[in-house]
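Undergrad: What follows is a structure written as structure tokens; I'll ask about it next.
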Amino acid sequence: MKYRPWQIIVLLMTLGLLVMTTSSALAVVAANTLIINQATLSYDDGSGVRTSTSSVTVTVALVPAAPAIAPGPNQSTTYSGPAANLDNSFIVTATSNGPDNYTLGTAITASSNTTGPTANVTTASPLLLGATVTVTGSTLSVIVVPSDGVSDGEVNGLEGGDTVVIGGETRTILSVIDNASGTSTINLASDLSAIPASGVLVAEQKSVLVNVTAGTITVVGTDITVDKTLTVASVTDPAQTTTSPAIRDTFTSGVANLLKYVRNVTDPNGSVAPVGYSGNNYYASTVTGEPGDVLEYLLVAVNSSASPVTAAVVTDVLPTVYVALRANAYGAGREVTYDNGGGPVTYSAAADADQANYNAGTSTLTVYIGAGATNAAGGTIAAGATLYTLYQVTINP
């Protein structure tokens with residue numbers, strides 16, 4: 001049968017979508033997706049049916065969006081000087097339909113009891129966050145997404161080892177099979193709880209660190225607080241910016257006092273109100289003694305604050321013109337008693353492995369006290385703790 005020209009049948013049609021054909025419309029289309037529409041003309045030229053095709057490719061553009069930021073927990077540490085510092089972690093998650101770079105900034109929004117605190121982002125800026133969108137065909141652990149048009153081992157900035165959020169679930173990417181066209185696949189290290197539908201964002205998530213230094217304390221014994229936020233802005237569209245809630249850093253500051261008392265072991269006396277320890281009375285003053293009498297000193301270290309203090313060391317310079325340290329006062333080779341509240345222990349005055357030593361050249365008795373103390377470094381006195389150190393001398397004849 002021969003067709004006349006007006007009988008030529010023009011079949012335009014099929015929108016041949018190559019890269020991502022889905023059974024339902026996508027809520028979101030990934031950036032860098034290639035949408036290829038192909039039209040076909042079919043006709044009979046008298047010698048048979050002929051076809052002519054033409055196609056056009058559209059690349060889906062990046063639609064920048066402000067990222068989501070989840071601040072990490074508040075931090076706390078002991079104030080050890082102006083350089084005392086803490087690292088704060090903010091979790092940043094992409095919300096764009098493709099990869100974008102983000103500038104990072106931080107600001108101290110409030111501080112107390114300090115001058116000169118600092119906050120600095122220690123994560124490299126700009127920060128790259130990848131992102132793509134699912135199409136049909138995914139499983140619990142194999143996620144099908146559009147190709148980004150380049151075969152380079154990653155798809156839309158996502159590669160093995162990255163952390164992504166899919167439908168509210170956080171997973172690690174095991175590997176990526178990256179094709180130059182059509183679809184690519186993202187293999188997850190563990191299954192999702194449900195197979196994602198088409199149009200679900202696959203968003204990279206990264207941790208951003210902000211380091212804070214305490215600054216110079218204003219009132220010793222009162223804690224320092226420093227609040228800081230993180231601001232993340234799209235490089236493509238700086239208007240797409242998010243500022244996080246604040247994380248609070250607390251640098252605790254304690255106050256300890258040393259009180260010194262004495263008793264006459266040989267001839268107990270004293271007329272002021274005594275302080276009791278281990279069944280004996282000690283006095284801040286009014287004690288008298290004669291040559292040859294034995295005196296026992298009680299050194300009381302008290303942390304009266306709500307925060308611990310560290311590197312605690314008691315030193316006492318003996319007036320050796322008048323007294324001499326009494327050897328073996330608490331047993332053979334034991335010249336010092338120490339009590340951290342858990343019961344007394346005894347130390348030698350020699351420079352050895354225990355926490356006390358006496359330097360006869362300088363007439364100085366040194367005792368390293370507190371939790372974690374060694375024979376060369378002081379330890380920590382907990383908030384509200386009281387520690388006791390005792391030694392005895394004999395009044396010179």
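Undergrad: State to the nearest 20 debye the size of the charge dipole of the chain about its Cα centre, where the only charges are +1 on K and R beta carbons and -1 on D and E beta carbons.
TA: Around 620 debye, computed over the chain.
Undergrad: Could you work out how much longer the chain between T123 and S363 gets when fully extended? Use 0.36 nm per residue separation minus the Cα distance between them, nm to one decimal.
TA: That works out to 81.1 nm of additional length.
Undergrad: Towards the positive end of the charge dipole of the chain, with charges on Cβ (+1 Lys, Arg; -1 Asp, Glu), say which of V56, V317, G341 has the farthest Cα.
TA: Farthest towards the positive end: V56.
Undergrad: How many Å³ per residue does the convex hull of the Cα positions in the range 329-386 occupy?
TA: 91 Å³
Undergrad: Leaving out ligands and nucleic acids, note down the accessible area per residue over the chain with a 1.4 angstrom probe, in whole Å².
TA: Per residue, the chain has an accessible area of 47 Å².
Undergrad: Using a 1.4 Å probe on the protein heavy atoms, what percent of the accessible area of the chain belongs to carbon and sulfur?
TA: 55 percent
Undergrad: Let me ask another. ³J(HN,Hα) across the range 202-213 via Karplus (A = 6.51, B = -1.76, C = 1.60, θ = phi - 60°), whole Hz, x for Gly/Pro?
TA: Along the range 202-213, the couplings run 10, 10, 6, 10, 9, 9, 10, 9, 10, 9, 10, 9 Hz.
Undergrad: Can you check what the net charge comes to around A31, using other residues whose Cβ is under 12 Å from the Cβ of A31 (Lys, Arg +1; Asp, Glu -1)?
TA: Neighbour charge sum, excluding A31 itself: -2.
Undergrad: Give me the tail of P(r) for the range 94-190 as a percent: Cα-Cα pairs with distance above 15 Å.
TA: 66 percent
Undergrad: I would also like to ask the following. Under the 0.36 nm per residue contour assumption, what length would be gained going from the current alpha-carbon distance of V321 and I177 to full extension? Don't skip to the answer; put the middle values down first.
TA: On the way: separation 144, 0.36 × 144 = 51.84 nm, distance 8.56 nm.
So the extension gain works out to 43.3 nm.
Undergrad: Quick one: compute a quarter of the convex hull surface over the Cα atoms of the chain and quote it in nm². Before the final figure, lay out each step's value.
TA: On the way: hull surface 124.5 nm².
About 31.1 nm², averaged over all directions.
Undergrad: Let me ask you something else. Per the Cauchy relation, a quarter of the hull surface: what is the mean projected area of the convex hull of the alpha carbons in the range 194-323, in nm²? Can you show the working numbers first?
TA: On the way: hull surface 71.5 nm².
For the range 194-323, averaging the hull's shadow over all directions gives 17.9 nm².
Undergrad: Taking 8 Å as the Cα distance limit and 6 or more residues as the minimum spacing, I'd like the relative contact order of the chain as a percentage.
TA: 15 percent
Undergrad: Further question on the same structure: Towards the positive end of the charge dipole of the chain, with charges on Cβ (+1 Lys, Arg; -1 Asp, Glu), say which of N328, I217, T250 has the farthest Cα.
TA: Of N328, I217, T250, it is T250.
Undergrad: Under a crude label model (7 Å from the Cα following the beta-carbon direction), how far is A110 from N257 in nanometres?
TA: Rounded to a tenth, the inter-label distance reads 3.2 nm.
Undergrad: Give the residues of the range 325-349 whose amide nitrogen is closer than 17 Å to a point set 7 Å from the Cα of D293 in the direction of its Cβ.
TA: Under cut-off, by backbone N: 325-326.
Undergrad: Now, a different point. Among T389, A83, V226, which residue has its Cα furthest toward the positive end of the charge dipole of the chain, with +1 on Lys/Arg Cβ and -1 on Asp/Glu Cβ?
TA: Working it through, the farthest residue towards the positive pole turns out to be V226.
The values are calculated or read from the model by the stated rules, or taken from the named source; none is laboratory data. Owing to the predicted nature of the structure, the values given are computational and were not obtained by experimental measurement. Glycine gets a Cβ as well: all are built from the backbone with ideal geometry, and neighbour counts include every protein chain shown. Quick note on the areas: whole protein, heavy atoms, side chains included, nothing else; ligands and nucleic acids left out. Shrake-Rupley method; radii C 1.70, N 1.55, O 1.52, S 1.80 Å.
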